[in-house]
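What follows is calculated from the coordinates using simple rules that are stated; it is not laboratory data. Since the model is a prediction, treat every value here as computed from it, not as a measurement. Cβ coordinates were reconstructed from backbone atoms using ideal geometry, including for glycine residues, and neighbour counts include every protein chain displayed.
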Amino acid sequence: MATEVVKRLINVDEYYKMAEVGILKAEDPVELIHGEIFQMSPIGSRHAAIVDSLAKVMIQLFDGEAIVRVQNPIRFDNNNEPEPDISLLKYRSDYYATAHPGSADVLALIEVAGASIRFDREVKAPLYAAHGIPECWIIDLENNQIEFLSKPQVDAYTETRVFGPGDEVWLIGEKFSVNELLILD
């Protein structure tokens, strides 16, 4: 009798248990996507600088209106807990101290991508769309551009626009200079 091989996925509780017993370490750069643990790409100096700069700009701009999180988990469901580079969340006075934010709490997500560009486009963006994240940026470091994704439906964004040096890009109603965001001279 033939049986089909079935992949055994893990859930968020098992993921945290793995950390609790030391299988995963706090410093391990991993995230849970579709029940699988993915190791995140190393963060280069330009990537880190852009994330830091974005965080500063977003915190100043959205102070008291939104919470800006840097590389922290968003719990979408029992099998998905990605860690976007930047998350803009609905403001809550407790800063989500009682539980990680869920998809309904997210205003926009930003991924800064070097080596991870394909994964961010083909895995994370569809995941974000499937969970109704209204706006998403993928910052493509190699091509010095920002991919603006909006209007999520099912597991895809129906509107995609690309902005390069000299352009201005919008995020939840605010305008930004691509040159400044990408730290271009």
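The table for this structure:
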{"item": "Centroid-to-centroid separation of the stretch 134-185 and the stretch 64-127 [C-alpha atoms, Å]", "result": "16"}
{"item": "Chymotrypsin sites (Phe, Trp or Tyr not before Pro) restricted to the stretch 89-185 and DSSP loop, no more than 11 other C-beta within 10 Å", "result": "95"}
{"item": "Loop-exposed GluC sites (Glu not before Pro) per DSSP, neighbour cap 13 Cβ within 10 angstrom, longest uninterrupted part of the chain", "result": "66-141"}
{"item": "Estimated vicinal HN-Hα couplings, Hz - the stretch 38-49 in sequence order (Karplus 6.51, -1.76, 1.60; Gly, Pro = x)", "result": "10, 7, 7, 5, x, 9, x, 5, 5, 4, 4, 5"}
{"item": "Whole-Å semi-axes of the stretch 11-165's equivalent ellipsoid (Cα gyration tensor)", "result": "23, 18, 17"}
{"item": "Phi to ³J(HN,Hα) by Karplus 6.51 cos²θ - 1.76 cosθ + 1.60 over the stretch 92-101, Hz, x for Gly, Pro", "result": "9, 5, 8, 6, 6, 5, 8, 6, 4, x"}
{"item": "24 Å Cα-Cα threshold exceeded, pairs from 90/151; 17/90; 56/151; 56/90; 90/175; 7/151", "result": "17/90; 56/151; 7/151"}
{"item": "With at most 10 neighbouring Cβ atoms within 10 Å, loop trypsin sites (Lys or Arg not before Pro) (DSSP) excluded, longest segment of the chain", "result": "26-185"}
